[in-house]
Each structure stands twice: as C-alpha cells, then as structure tokens.
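These notes concern the structure reproduced below.
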C-alpha cells in the first residue's frame, strides 16, 4: 500500500505532501489543475522514463518520494521474478550458456530505511539525469521498475502503465485462478532439466578441456577440503572473536554491575532490604500495603540470582591471545576463500559439495555422459508434461477470465466490448539450446506459453492488443473490470485509475463508483475523476487546485474535510455557482453512496 507521497518541483507542483490510507481515495479538481501531474509522479516512482522538461522552471531538480508498506515486499534482495511474479511472459528461462543469473542487486539495510515501510525516491536533475533510491540504496531504474512497478498498477494514457505491457499479462492470467501446484510443478520440472543440462555441459567437453577442468577443480576442492568450512561457522567464530577481543572490557562491566547490584555499600539489594522493612512496618498500620513487602522479597531474590550469574560470568572471562589469533586466522581463511570463489562464506560448504560432485562426474566422464543424457531425456519428458498441464490450466482460466471481464465491462458501460485472453506458444530464438525447444515452442520456468490480452471496444471490430485499440478511459474501465475479478487474490497493493469516467455519466458513473468501492475493500484504490457520482464513493477525498502568483503557476493538493467534500461535490455538480440546492444535493449524494457501500 502507498502510505506517503511527496512531490517537489515536478512540473507545476512546487511542493505537495500526502498521507494516504487504505480504501478508495478520490482526487478531483478543475481541468488543467494538475491531477495528471500527480499520476505522472506515480508512474515515475514505478520506473517510467522521466524527461528534464518535468523539472519545474527555475529548480535544480525534481524530487519524488514515497513510502510503501513493507509487508508487500518480502526480501528486497531477492530476484523479483521469484517473488512477486507480476511481470514476465516466461522469458526468464535458462539460456543456451547455462544457468540463470540472478538480478544481483541487494538493497535494504541502509540508515534511511524505515522500519514500517519501504522508502522509495527518485531525483531528476534539470539536465535530465535521474537517480533512484530504495531504502536509501542507489538502484538502477530497472530495479525500481521490477520491485515497485508490480505493486502499483496504473491505468490511463501514461507511459509505464501496467495493463498495456504484455509482459505482465501471463502473471495476470495465472493470478486469476491457475493452480499454484501446476505452476510449481512446471517450475520444479524445468529446474531439474536446467540442472541436468548444466551438469552435462560441464562434463561434455573434449578430452583436453575435460582434463584441464578436472585439474582446476581438483586443486580448488583440495583447498576447500583442507579448510573444511561448516554451515554457520563464520557467524559463530565472529561471536567468539568479539568476546575474546573484548574480554577485559566485558569483565570490567560485569564486575561494576555486580558491585552496584550486590557488593557496594548502598547496593540495590541493600536498598531493597530497607524498603522491605519500611513497608512491613507500614503494612501493620495500613493493610492495603500488605502485598508490597512480599513483592520486594521476590525482587531481592531475583537480584541475588543475577548477582551470582554476574560473578560466574566475570570469573569465566579470560584473555586468551593464542585462541584469539587462531579464531582470527580461521575467519581470514574463510573470507579469503569466499572472495576467491565469489560466494558468501556460508555458501562455501555447498560449493564444496557441488565441486566434489562435478569432480566425480569428470573422473567417470564417459559413463556419466551417457547416464546424464538419459537423465536429460527423462527431465525433458517430465518438463514437457508439466508445461502441457499448465497450458491446459491456463486455457481454462483464460475462458473464465474472458467471460467474467466481459460481464463486468457491460456493467461499466462497455456492454458491446469483447475481451479475449490469447494463450499461444512462445517462439524460439536464435541461440536457444536444443534442450529448451519442444516442437517449435521455447520452454521456461513458467512454461512455454505467451499470454496477451486483446479487446474490441465496439461491435464489428477484431480484438487487438490493448495499447493499439483502447483509449485512456476504456483502459481504466478495463482494468477496473479485471480487478473486480482479481482484487481478492491479486498481489498488487495499489490501483491507480485515471480517466475511468471518460465518456460516461448518469447510471454508469454510479455503477463505476460502486465498483471502485468494491475493489477498495481488498486493495488500496486511487481514482482521479470529474464526476460527483464517482467521487461520492471515496473513503478519502483530495482536491487539486491551481493558482498563480508573481507570474508563476503552482498546483497544490488538499485533503478535504466532510464539509469541504460537500462543497467540492457541489462545485462539480453546479459549476462555478454553488447554491444551497447543489449543496443539499451533494450531501444527499454522499449519504446515498455511504449507504450503498455499507449496505445499511
């Protein structure tokens, strides 16, 4: 969820700061006031291209800052394809050269990180140079798009919006009801195929290359065997090192605490004893105090136990330079091997096992090549079967999704529109390794399917890709129709709808408002609208206004109170002239929307 947003020197917005909550937030304002600039800022935060023209005239830079709820992110250092799964059409398969390589950029842990949310910022200089930070760490814009983009859906005519990007469509279909077991079965079967292909490629060398590889691995393995790294060893050694290196300071602290607690004149135990005697005497005069002396006896007993433990701890501490040197030497050796092999020290144990397996394969290469070829064929058969089952599941889900979305489109004023989810094989590419090709289809961890959403807004038209056929308003309503189906299980946390009211009014506007409120029960929704019938359904209401001073134009954003909402809705209903009648109508509109949302 988007919890906080600040925009500085971005287009006509000089400085705007917003606290955002769950439910439906509506944004209103006169045409040209700057509402689209707000959406542009959000697209920038999700990784869209920013140009220097967006920096406010006279400013050195534009700054976009946001805080998103941390619970939607999980491990920031993980490959987003392994987590969110909202992007990609399956093109993340292992390539011809061997295993997949992770995205490799770890973020988080910076001093600026917020304990409750993930801080995202983007700075655009007047020269057009962009810098992005995630929890205080500099990241490429691609990483911002991978991590923030899938959690912030935007519809309308803005660069970087989600629905027109075909790379998101496969995950969208999967989230509509494709079995998680089918997805995991395919991923597992493909991983087995990948690992078998890698092992075969490692030993499937000519005799000279094989001998050279065996010599290198044998040398590296002997070095690891001599050190014998153990899982978790580095952390334990580091703990021992810190204790040995600080033995004198630790003993001093323990004995000082012991003196204050137990040994010194006027120690804590002595003072507790005095308190016990005083309250025992007082309790004889006032029975309401009779429980307190007993509690002080318990406190003294706890202090006695703590004093004994502190004494034992202080006497156990002993500087041991030889042991400290031994531990530091071991840590240095583990660190050296980790740097040499390009892995974390806790991964050395697994690396040792993998090297041992490869050495064994190389020593018995002829036999192992034949065995691995047979294993590869079995893995191909299993992967193909898993991919076929996944395709069948996706085609069934595509039919269900198409029908459900078309029903919602009719409800939202697009009753003549046709919606199609096309599932087709992914084509092969030059350089694909043979093990990934199945009758002209290219297999990956998500199967061999390519998914694209198509729509024909009007009768007599052939369904076409969304980017080629749908207007901004149609895209917004299309996304709303899809999210009505997916909202309760979609991983996206925030939906932003722009132009959702384009070309509609009356009953349809009322229906769209109620639909937005329905989606907002499951996800945070932000909607820009010009229609009071939609704005009335908001849980929160922001107004964007524009003013001029000193020859400069600036936009401001203001959260409206209940009375201000009535005034704004009256303005939307009656134009520049707000009357008692329009205010009354606005109040009735708000009351009716609230009644319909609560069902009361």
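Throughout, read-outs are computed from the coordinates displayed, never taken from laboratory work. Here the structure is a predicted model, which is why all the values come from computation and not from measurement. Using ideal geometry, Cβ is built from the backbone for each residue, glycine included, and neighbour counts are taken over all protein chains shown.
Results, tabulated for the structure shown:
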read-out: Additional length obtainable on full extension of the chain from residue 581 to residue 458, 0.36 nm per residue less Cα span; value: 40.4 nm
read-out: Pairwise FRET efficiency - residue 567 versus residue 57, Cβ, R0 = 22 Å, nearest 0.05; value: 0.10
read-out: Projected area averaged over orientations for region 457-597, convex hull of C-alpha atoms, nm²; value: 11.3 nm²
read-out: Cα gyration tensor, region 457-527 - rounded (a/c under 1.5), prolate or oblate; value: oblate
read-out: Linear extension gain, residue 340 paired with residue 514, 0.36 nm per residue minus alpha-carbon span; value: 56.6 nm
read-out: Estimated 222 nm signal from helices in the chain, with DSSP H stretches of n ≥ 4 weighted -39500 (n - 2.57), rounded to 500; value: -16000 deg cm²/dmol
read-out: Sorted by Cβ density within 10 Å, fewest first, the residues 346, 225; value: 225, 346
read-out: Burial ordering of 527, 597, fewest other beta-carbon atoms within 10 Å first; value: 597, 527
read-out: Peptides 403-416, 371-384 ordered by average Cβ neighbours within 10 Å, highest first; value: 403-416, 371-384
read-out: Scattering profile of region 142-288 at q = 0.13, 0.18, 0.19, 0.20 Å⁻¹ [log10 I(q)/I(0), Debye over alpha-carbon scatterers]; value: -0.97, -1.15, -1.17, -1.20
read-out: Antiparallel DSSP beta bridges within the chain, as percent of all bridges there, nearest 5; value: 75 percent
read-out: Shape category assigned to the chain from the gyration tensor of Cα positions, a/c cut at 1.5; value: oblate
read-out: FRET efficiency, 1/(1 + (r/R0)^6) with R0 60 Å, evaluated for residue 208 and residue 549 via beta carbons; value: 0.15
read-out: Sorted by Cβ density within 10 Å, fewest first, the residues 584, 28, 168; value: 584, 168, 28
read-out: Contact order relative to length of region 483-600, as percent, for alpha carbon pairs under 8 angstrom and 6 or more apart; value: 22 percent
read-out: Relative contact order of region 431-537, defined on C-alpha pairs under 8 angstrom at six or more residues apart (%); value: 21 percent
read-out: Rounded, prolate or oblate (a/c below 1.5 giving rounded, otherwise prolate when a/b exceeds b/c) for region 296-418 by Cα gyration tensor; value: oblate
read-out: Nitroxide proxy distance, nm - points 7 Å out along Cα→Cβ at residue 271 and residue 30; value: 6.8 nm
read-out: Nitroxide proxy distance, nm - points 7 Å out along Cα→Cβ at residue 356 and residue 201; value: 2.6 nm
read-out: Contact order normalised by residue count of the chain, Cα under 8 Å, 6+ apart, percent; value: 21 percent
read-out: Pair residue 240, residue 131: separation of 7 Å Cα→Cβ label points (nm); value: 4.4 nm
read-out: Region 277-292 and region 426-502: distance between their alpha carbon centers, rounded to Å; value: 77 Å
read-out: Estimated FRET transfer efficiency (residue 424, residue 260; beta-carbon r; R0 51 Å; 0.05); value: 0.10
read-out: Residue-span extension gain [residue 280 to residue 297] - 0.36 nm each, minus C-alpha spacing; value: 5.0 nm
